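Participant: First the structure, then my questions, so here it is.
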Amino acid sequence: MAVNIPGIIAIVVFYLLILGIGLWAARRGAKKNPDGPESEDVMLAGRDIGLFVGMFTMTATWVGGGYINGTAEVIFDPAQGFIWCQAPFGYAISLLIGGLFFAKKMRAAGYVTMLDPFQQRYGDRMGGLLFIPALLGEVFWSAAILSALGATLKVVLELEINTAVIVSAAIAVFYTLFGGLYSVAYTDVIQLICIFIGLWISIPFALLNEDVSPIDTTTLSRLLFTPVNESVYNRTFNVTNTTGWYGSWDTAYTGVWIDYALLL
């Protein structure tokens, strides 16, 4: 197995940059609270991260490895296509609604999480009950992000996926423990910039790669992933006729489509 030296150097530099920014943000936050951070400072950065950083960290919360890989997978999937690629629109609309109708009121009331108003109105039991699906959602969301990251490093560096996931998670936990949301927010700025630049850089390589066909050719046929064993990374290819990258609409699944849209 050949070692991808440029890839390793790029990943190491990226992780060192992220770690450095995270620790710098932690020190910056500590200077604002010399007596030690309160729980609200850790979780909300003292409600003082600014508009620029706030927009970046809010965007980075949704636009990550799981989002990018998942969007490409759904459009590529012959059973789904663009019609079922709801995340970009669902996330954008939900953030718009949240910002226009909820953010100002929740900030004025001093809420920390979205569950606080429900707990305040309906009691601690309801707050605890609503915490369970929220916790499960965050656990599986984190798993999706780390899985996407591990899959990316596996392709770039031919690195074993478990090692990639463990190293990445350890670095993120390390700077988060030191700086809380201060560290997360400022590292989000760097990561989102890297995503934006990296996607544009990847376009010429994708267009010129012999294994990539024009998107309009998917109106005739598309490669369908068919698992051959328990490993999700070991698959064969079968050619299947499809309706193209835009997918097809089945009225029998209208309710499911609406349900997914409201979920996002």
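The values are calculated or read from the model by the stated rules, or taken from the named source; none is laboratory data. The structure presented is a predicted model; accordingly, all values stated were derived computationally and were not measured. All Cβ positions, even for glycine, are placed from backbone atoms using ideal geometry, and neighbour counts span all protein chains on display. Note: accessible area is taken over every heavy atom of the protein model, side chains too, but ligands, DNA and RNA are not part of it. Shrake-Rupley method; radii C 1.70, N 1.55, O 1.52, S 1.80 Å.
Participant: Which one is least open to solvent (accessible area, probe 1.4 Å), of the residues in segment 53-75 that are of a type outside the set (Val, Ile, Thr) and more than 19 Å from Gly137 (Cβ to Cβ)?
Facilitator: Gly54
Participant: Is segment 187-202 home to any residue that is at pLDDT below 75, over 19 Å from the mean Cα position of the chain (by Cα), of a type outside the set (Lys, Arg) and assigned to a helix (DSSP H, G or I)?
Facilitator: no
Participant: Of everything in segment 111-150 that's closer than 23 Å to Arg47 by Cα and exposed (fewer than 11 other Cβ atoms within 10 Å of the Cβ), which residue is nearest to the chain's Cα centre (by Cα)? So that I can check it myself, show each step before the final result.
Facilitator: Residues of segment 111-150 closer than 23 Å to Arg47 by Cα: 111-120, 127, 131, 134-135, 138.
Subsequent filtering for residues that are exposed (fewer than 11 other Cβ atoms within 10 Å of the Cβ) retains 135, 138.
Working: Leu135: 16, Glu138: 11 Å.
Residue satisfying both the conditions and the ranking: Glu138.
Participant: Can you name every residue in segment 14-27 that is surrounded by fewer than 16 Cβ atoms within 10 Å (Cβ to Cβ) and either at pLDDT below 75 or within 21 Å of the chain's Cα centre (by Cα) (or both)?
Facilitator: The answer is Phe14, Tyr15, Leu16, Leu17.
Participant: What is the number of the single condition among (1) surrounded by 15 or more Cβ atoms within 10 Å (Cβ to Cβ); (2) modelled with pLDDT under 80; (3) assigned to a helix (DSSP H, G or I) that Pro78 does not meet?
Facilitator: (3)
Participant: Looking at segment 160-186, which of its residues are in contact with a Lys or Arg (Cβ under 8 Å, 6 or more places away or on another chain), free of Cβ contacts under 8 Å to residues at least 40 places away in the same chain and part of a helix (DSSP H, G or I)?
Facilitator: Residue satisfying the conditions is Ala164 alone.
Participant: Sticking with this structure for a sec: Regarding Gly180, is this residue farther than 18 Å from Phe56 by Cα and at pLDDT below 80?
Facilitator: Taking the combined requirement at face value, the residue does not satisfy it.
Participant: Would you be able to say whether some residue in segment 89-110 is modelled with pLDDT under 85, in contact with a Leu (Cβ under 8 Å, 6 or more places away or on another chain), open to solvent by less than 50 Å² (accessible area, probe 1.4 Å) and part of a loop (DSSP other than H, G, I, E, B)?
Facilitator: There is no residue in segment 89-110 that is modelled with pLDDT under 85, in contact with a Leu (Cβ under 8 Å, 6 or more places away or on another chain), open to solvent by less than 50 Å² (accessible area, probe 1.4 Å) and part of a loop (DSSP other than H, G, I, E, B).
Participant: Inspect all residues belonging to segment 67-84 and state whether any of them is of a type outside the set (D, E, K, R) and closer than 26 Å to Gly20 by Cα.
Facilitator: If we filter segment 67-84 for residues that are of a type outside the set (D, E, K, R), which is where we start, we get 67-72, 74-76, 78-84.
Subsequent filtering for residues that are closer than 26 Å to Gly20 by Cα retains 67-68.
Among the residues of segment 67-84, at least one is of a type outside the set (D, E, K, R) and closer than 26 Å to Gly20 by Cα, which makes the answer yes.
Participant: A further question follows. Is there a residue in segment 205-213 that is at pLDDT 75 or above, open to solvent by less than 50 Å² (accessible area, probe 1.4 Å), under 28 Å from Val13 (Cβ atoms) and part of a helix (DSSP H, G or I)? Walk me through it before giving the result.
Facilitator: In the first step, residues of segment 205-213 are kept if they are at pLDDT 75 or above; the result is 205-210.
Filter once more, keeping what is open to solvent by less than 50 Å² (accessible area, probe 1.4 Å): 206.
Then keep just the ones that are under 28 Å from Val13 (Cβ atoms); that gives 206.
With the extra rule that they be part of a helix (DSSP H, G or I), the set shrinks to 206.
Taking every residue of segment 205-213 in turn, at least one turns out to be at pLDDT 75 or above, open to solvent by less than 50 Å² (accessible area, probe 1.4 Å), under 28 Å from Val13 (Cβ atoms) and part of a helix (DSSP H, G or I).
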